[in-house]
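The values are calculated or read from the model by the stated rules, or taken from the named source; none is laboratory data. Since this is a predicted model, take the numbers as computed values, not measurements. Here Cβ is always computed from backbone atoms with ideal geometry, including for glycine, and neighbour counts include all displayed protein chains. Keep in mind that these areas ignore ligands, DNA and RNA; they rest on the heavy atoms of the full protein, side chains included. Shrake-Rupley method; radii C 1.70, N 1.55, O 1.52, S 1.80 Å.
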Amino acid sequence: MPDAGAPLLLHIGANALLFAHIAGGSVAIAAGYVAVAVKKGQSLHRAWGNAFFLAMLVMTGVAAVTAPFLDAAWTNTTAAVFTMYLVATGWLAVKRPPGAVGRLERLVMAVPAGIIVVALAQAVANAGTSRMAGFTTVFAFAAVCTLAIACDIGVIRKGGLAGPPRLARHLWRMCFALFIAAGSFFSIRERVAKILPEPFTTGPMRALPILLLFGAMFYWLWRVRGRRVLPVL
């Protein structure tokens with residue numbers, strides 16, 4: 001937030017961005033869990049899925065713009081940019097006709113590649129110092145980015161996906177994006193305590209939504225399984 005002596009317009013702008021980020025995150029988490037729970041492919045799933053997609057774009061867009069000015073360890077910046085990439089590619093997976101791939105799929109590969117470059121640069125710059133521990137989250141995202149790029153290359157080489165692999169790509173990317181958003185909220189007890197009563201703020205209760213999310217993701221991946229799903233996720 002701006003200093004107390006900052007211009008009024010700066011305060012208004014900062015509060016508007018904060019409201020958009022919180023509102024987007026709240027809608028995204030609620031809509032995401034509904035979209036995961038309901039039967040796939042039907043109008044209810046599409047409606048909640050679209051709400052999740054748009055809300056995530058708002059939340060991550062605000063975070064991606066503001067976090068670089070506030071986040072010395074790059075944690076929130078990396079999370080916001082990578083989550084936006086996951087949502088975009090997950091959405092594209094089902095919006096493209098089966099067996100089709102476009103220029104955008106090639107362009108967005110720059111996102112995970114950039115995160116990997118940032119992680120390597122921080123590892124080299126901070127090797128042997130106490131600052132390395134502060135970039136642990138960035139290194140974890142870089143590891144997932146390596147998988148994501150490999151999957152993107154597989155999709156491009158095949159000229160697009162159809163059938164089970166197409167659905168699996170959509171599922172895991174949207175679910176992992178929801179995991180990042182929900183994990184950011186449920187990992188901090190003070191945030192949960194603002195909207196839920198005391199019994200729901202304990203560690204096990206805050207971990208339960210994350211466990212349910214992964215359980216649902218693996219269940220749906222199993223439901224849409226195919227012989228060649230994994231190599232092109």
Original post:
If you take the beta carbon distance between Ala133 and Ala110 as r and set R0 to 22 Å, what does 1/(1 + (r/R0)^6) give as a FRET efficiency, to the nearest 0.05?
Top reply: 0.20
Subject >> Helical mean residue ellipticity (222 nm; -39500 (n - 2.57) per DSSP H run of 4+; nearest 500) of the chain >> reply: -25500 deg cm²/dmol
Subject >> Distance between modelled label sites at Ala16 and Ala121, nm, 7 Å Cα→Cβ extension >> reply: 3.1 nm
**OP:** Could you tell me which of Gln42, Phe214, Ala67 has its Cα farthest along the dipole of the chain towards the positive end, charges placed at Cβ (Lys, Arg +1; Asp, Glu -1), taken about the Cα centre?
**Re:** Gln42
Original post:
For the stretch 107-233, rounded, prolate or oblate, judged on the Cα gyration tensor with a ≥ b ≥ c (square roots of eigenvalues), a/c < 1.5 rounded, else prolate if a/b > b/c?
Top reply: oblate
Original post:
Could the peptides 196-205, 169-178, 115-124 be put in order, highest first, of the mean number of other beta-carbon atoms found within 10 Å of their residues?
Top reply: 169-178, 115-124, 196-205
Subject >> Separation of the Lys39 and Ala216 label points, Cα + 7 Å toward Cβ, nm >> reply: 1.7 nm
Subject >> Label corresponding to percent of Cα pairs over 25 Å apart when calculated from the structure given, among (1) 50; (2) 40; (3) 46 >> reply: (3)
Subject >> Å² of accessible area per residue within the stretch 152-233, as computed with a 1.4 Å probe and no ligands counted >> reply: 57 Å²
Subject >> Magnitude of the charge dipole, the chain, Cβ model with Lys/Arg +1 and Asp/Glu -1, debye to 20 >> reply: 1240 debye
Subject >> Gyration tensor (alpha-carbon) shape descriptor, the stretch 138-179, a/c threshold 1.5 >> reply: oblate
**OP:** On a 0 to 90° scale, report how tilted helix 43-70 is relative to the longest principal axis of the chain, with both axes built from alpha carbons and the result rounded to the nearest 10.
**Re:** 40 degrees
Subject >> Pairs of Lys in the chain closer than 26 Å at Cα, counting only those 8 or more apart or on different chains >> reply: 4
Original post:
Could you give me the ³J(HN,Hα) list for the stretch 167-181, computed from phi with Karplus coefficients 6.51, -1.76, 1.60 and θ = phi - 60°, whole Hz, x at Gly and Pro?
Top reply: 5, 5, 4, 4, 5, 5, 6, 5, 5, 5, 5, 5, 4, 5, 5
